[in-house]
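For reference, the structure discussed in these notes is given below.
Computed from the coordinates by the stated procedures, all read-outs in this text should not be read as laboratory data. Just so you know, these numbers come straight off a predicted model, no measurement behind them. With ideal geometry, Cβ positions are generated from the backbone for all residues, glycine too; neighbour counts draw on all protein chains shown.
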C-alpha cells in the first residue's frame with residue numbers, strides 16, 4: 001500500500017522502500033536508508049541539507065510522544081535554512097515532486113513536515 005499524500009502532481013510523500021511511480025524523486029533524509037541501493041532508489045536528487053539536523057534527528061528518535069515538539073523544532077530549522085526557498089521554486093516549476101523518506105511511519109517523518117512547510121510558502125500552492 002502506497003503512502004502517497006495528495007494526488008499525483010504537486011508535492012507527494014513516499015517511503016523510499018516502495019516501488020517508484022514517477023515524479024522527480026528527492027530523498028530528504030540526512031542518512032542513506034538501509035538496504036536501498038542507489039540504483040534501486042531511482043533518485044533525481046538527495047537533499048541532506050533539507051533534512052532535520054543530526055542533533056534533532058537523534059533527539060526525536062521516532063518517539064511518538066516527541067512528535068509535536070519535533071515538528072516545531074524542524075519547522076524552526078527550515079525557517080533558517082537558505083536552501084528551502086530554492087527548493088520551493090524548483091518544486092513549483094515541476095509537475096510532480098516526490099519527497100522520499102526512510103522512516104517506518106507514514107505520518108510521522110520529516111518528509112511530511114517538509115511537504116506541509118513547502119505548501120505554506122508563497123508560490124508553492126499546488
One would report the antiparallel percent of DSSP beta bridges in the chain, rounded to the nearest 5, as 0
Normalised by the residues of the range 10-120, what does the relative contact order come to in percent, with Cα pairs under 8 Å and at least six apart? 45
Per residue, how much space in cubic angstrom lies within the convex hull of the C-alpha atoms of the chain? 101
I'd like the distance separating the alpha-carbon centroids of the range 31-53 and the range 54-126, in whole Å. 15
Which of the peptides 90-103, 31-44 is most tightly packed, and how do the rest follow, going by the mean number of other Cβ atoms within 10 Å of each residue? 90-103, 31-44
Please report 104, 66 as a ranked list, fewest other C-beta atoms within 10 angstrom at the top and most at the bottom. 104, 66
